[in-house]
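Q: Can you keep this structure in mind? I'll have questions shortly.
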Amino acid sequence: MTTTLFDPIRFGDLRAANRIVMAPLTRDRAGPGQVPTPLMAVYYEQRASAGLIVSEATQVCATGQGYLDTPGIYSPEQVAGWRRICDAVHGRGGTIVLQLWHVGRISHVSLQPGGVAPVSSTARRANAKTFTAQGFTEVSAPRALERSELPGVVADYARAARNAIEAGFDGVEVHSANGYLLEQFLRDSVNDRTDEYGGSIENRVRLPVEVIQAVSAEIGAGRTGVRISPVTPANDAAQDSNAQALFNHYIERLAPLKLAFVHVIEGATGGARDIAPFDYEALRRTFKRDHEHGAWIVNNGYTRALAIEAVASGRADLVAFGKPFISNPDLVERLRLDAPLNPLVQATLYGGGAAGYTDYPTLAAAAG
Ligand code: 8OZ
């Protein structure tokens with residue numbers, strides 16, 4: 001029988017009631033101290049029918065922050081805030097993992113402890129903007145991390161993963177996409193280091209692999225996933241000179257860890273799927289080679305028809321939806337019924353309160 005988008009699945013130590021994933025979505029609604037709020041618990045609980053929720057990107061340490069009002073997972077208050085969210089989602093039978101994030105150079109001095117420069121693989125500034133208390137602002141020039149500081153970065157991720165489990169998350173997704181810190185090490189268009197963390201592909205994957213190994217060792221590979229975006233131009237991470245070779249090698253290094261999942265953004269994040277030719281299937285084959293039970297999650301611009309085809313053909317195990325989940329808390333039900341979707345309101349995406357966050361109607365509410 002053909003596998004459908006609505007069939008359950010087990011992968012690693014995780015289980016999902018269907019193959020529909022809520023993609024990580026930055027909404028900038030954390031409270032003081034970067035603590036998740038009760039309103040955020042309402043928002044996630046409303047979306048708990050997703051087979052898997054990947055939380056919004058969450059900084060692993062204070063220097064990992066690059067946007068106003070994004071949540072953290074490094075203080076006891078943040079852990080307590082997230083616990084409320086995990087309890088709410090689990091109360092509805094959902095599964096939720098936390099996305100572990102360090103923005104690297106995609107930040108602004110006004111968001112950094114002590115107002116100092118953000119850190120990166122490089123001291124070169126990105127041609128990118130971020131959202132600060134002053135509105136959209138050019139990112140600040142970074143400082144290149146010293147070789148001796150890198151074990152501390154790895155430790156920050158491991159501690160954050162332990163905090164996530166303590167908060168009640170089912171696992172974590174390491175954010176290794178979209179031009180943030182780990183991709184600032186991966187790509188030769190950004191990484192200009194001359195130590196063993198720069199130069200060759202083997203050297204550039206070193207920090208991301210160390211981070212993912214440390215997280216797996218801390219909480220178990222069966223609760224650990226990774227998100228990649230091999231060809232995205234997001235956040236001035238210009239194409240690597242050989243993206244295919246880079247990501248082939250990266251997945252070769254990750255495959256023996258037997259992670260729960262790999263989550264791949266195909267094409268330009270939030271944009272064209274066909275921005276550059278890339279053989280995603282080669283990565284999937286490598287990941288699955290000795291680990292059939294690891295899940296391959298695909299994302300970016302999937303329609304209902306494309307998602308059904310991706311799962312039925314075996315090209316993907318699960319499909320992540322971003323924007324449709326913002327405006328449709330009951331997206332799973334709508335996809336099942338092939339019902340129309342609520343349109344997205346752009347103005348309320350980032351920051352603010354309940355408007356455009358927890359007030360999108362379900363089908364039932366719209367009918368009532
Ligand atoms: C949109 C706005 C701010 C951050 C990403 C975490 O692109 C993000 C992000 C998206 O991965």
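Q: Keeping the other protein chains in place, figure out the carbon and sulfur percent of the accessible area of the chain, with a 1.4 Å probe. Display every interim value, and only then the final one.
A: Details: 7310 of 13550 Å².
Here carbon and sulfur together make up 54 percent of the probe-accessible area.
Q: Whole-Hz ³J(HN,Hα) for each residue in segment 307-313, computed from phi via Karplus 6.51 cos²θ - 1.76 cosθ + 1.60 with θ = phi - 60°, x for glycine and proline: what do you get?
A: 5, 4, 5, 4, 6, 5, 7
Q: Another question, then. Kindly write out, for segment 137-154 in residue order, the coupling ³J(HN,Hα) from the Karplus curve 6.51 cos²θ - 1.76 cosθ + 1.60 (θ = phi - 60°), rounded to whole Hz, with x marking Gly and Pro.
A: Computed from phi, the couplings for segment 137-154 are 9, 4, 5, 7, 5, x, 10, 6, 4, 5, 3, 6, 8, 5, x, x, 5, 4 Hz.
Q: Continuing with this model, one more query. Search the structure for amide H atoms under 5 Å from the amide H of V174, placed 1.01 Å from N in the peptide plane, and list their residues when 5 or more places away or on another chain.
A: L100, G225, V226, R227
Q: Assuming a ≥ b ≥ c are the square roots of the Cα gyration tensor eigenvalues, decide whether segment 309-368 counts as rounded (a/c under 1.5), prolate (otherwise, with a/b larger than b/c) or oblate. Intermediate results must be reported in sequence, preceding the final value.
A: Working: a/c = 3.25, a/b = 1.56, b/c = 2.08.
Because a/c hits 1.5 or more and a/b fails to exceed b/c, segment 309-368 counts as oblate.
Q: Along its principal axes, what span do the Cα atoms of segment 9-367 show, with the longest given first and each in whole Å?
A: Reported extents, whole Å, longest axis first: 61, 45, 36.
Q: Here's something else I'd like to know. For n ≥ 4 DSSP H runs only, could you compute -39500 (n - 2.57) per run for the chain, divide by its residues and tell me the 222 nm figure to the nearest 500? Walk me through the numbers before you get to the answer.
A: On the way: 12 runs with 115 residues, N = 368.
When only DSSP H runs of four or more count, the value is -9000 deg cm²/dmol.
Q: Of Q239, Q112, Q346, which is the most mobile in a GNM of the chain whose springs link Cα atoms less than 10 angstrom apart?
A: Q346
Q: Let me ask something else about it. Once the Cβ-Cβ distance between T194 and R162 is put in as r, and R0 is 45 Å, what FRET efficiency do you end up with, to the nearest 0.05?
A: For T194 and R162, the calculated efficiency is 0.85.
Q: Set the Förster radius R0 to 51 Å, insert the Cβ-Cβ distance between R273 and L39 as r into 1/(1 + (r/R0)^6), and round the FRET efficiency to 0.05. Working shown, then result.
A: Numbers: r = 33 Å, r/R0 = 0.65.
In this case the efficiency is close to 0.95.
Q: Follow-up question, since we're still on this one. Could you tell me the calculated FRET efficiency between S241 and L363, based on Cβ-Cβ distance and R0 = 41 angstrom, to the nearest 0.05? Before the final figure, lay out the partial values.
A: Numbers: r = 48 Å, r/R0 = 1.17.
Rounded to the nearest 0.05, the efficiency is 0.30.
Q: Ordered by residue, what ³J(HN,Hα) values in Hz, to whole numbers, does segment 190-195 give under the Karplus form 6.51 cos²θ - 1.76 cosθ + 1.60, where θ = phi - 60° and Gly and Pro are x?
A: 10, 6, 10, 6, 10, 8
Q: Please list the non-local residues whose amide H lies under 5 Å from the amide H of G31, H modeled 1.01 Å from N, same-chain partners needing a gap of 5 or more.
A: T37
Q: In addition: Among rounded, prolate and oblate, which fits segment 181-242 when a ≥ b ≥ c are the square roots of the eigenvalues of its C-alpha gyration tensor, a/c under 1.5 means rounded, and a/b larger than b/c means prolate? Numbers along the way, then the final one.
A: Values: a/c = 2.87, a/b = 1.52, b/c = 1.88.
Because a/c hits 1.5 or more and a/b fails to exceed b/c, segment 181-242 counts as oblate.
Q: Distance between Cα centroids, segment 20-64 to segment 241-291: provide it in whole Å.
A: Segment 20-64 and segment 241-291 have Cα centres separated by 25 Å.
Q: Would you work out if segment 239-300 is rounded, prolate or oblate? Take a ≥ b ≥ c from the square roots of the eigenvalues of the alpha-carbon gyration tensor; rounded if a/c is under 1.5, else prolate when a/b is larger than b/c, oblate otherwise. Before the final figure, lay out the partial values.
A: Details: a/c = 2.49, a/b = 1.51, b/c = 1.65.
Note, shape of segment 239-300 comes out oblate.
Q: For R289 and D28, calculate 0.36 nm times their separation in residues minus their Cα-Cα distance, and state this gained length in nm to one decimal. Each step should come with its number before you reach the end.
A: Working: separation 261, 0.36 × 261 = 93.96 nm, distance 3.87 nm.
Residue separation times 0.36 nm, minus the Cα-Cα distance, leaves 90.1 nm.
Q: Could I ask something else about it? Straight-line reach only, C-alpha to C-alpha below 19 angstrom: list the aspartates and glutamates that K258 could link to, leaving out same-chain residues fewer than 8 apart.
A: Hits, sequence-local ones excluded: D13, D170, E173, E210, E218, E281, D290, E292, D317.
Q: Follow-up question, since we're still on this one. Which residue fluctuates the most in the chain, going by a Gaussian network model with Cα springs under 10 Å, if the choices are L186, L207, L337?
A: Most flexible of the set in this elastic network: L337.
Q: Please list the non-local residues whose amide H lies under 5 Å from the amide H of D69, H modeled 1.01 Å from N, same-chain partners needing a gap of 5 or more.
A: Here nothing satisfies the definition.
The values are calculated or read from the model by the stated rules, or taken from the named source; none is laboratory data. Bear in mind that the values here come from a model prediction, so they are computed numbers and not experimental data. So basically every Cβ, Gly included, is an ideal-geometry build from the backbone, and we count neighbours across all protein chains shown. Side chains are part of the model used for accessible areas, which takes the heavy atoms of the whole protein and leaves out ligands, DNA and RNA. Shrake-Rupley method; radii C 1.70, N 1.55, O 1.52, S 1.80 Å.
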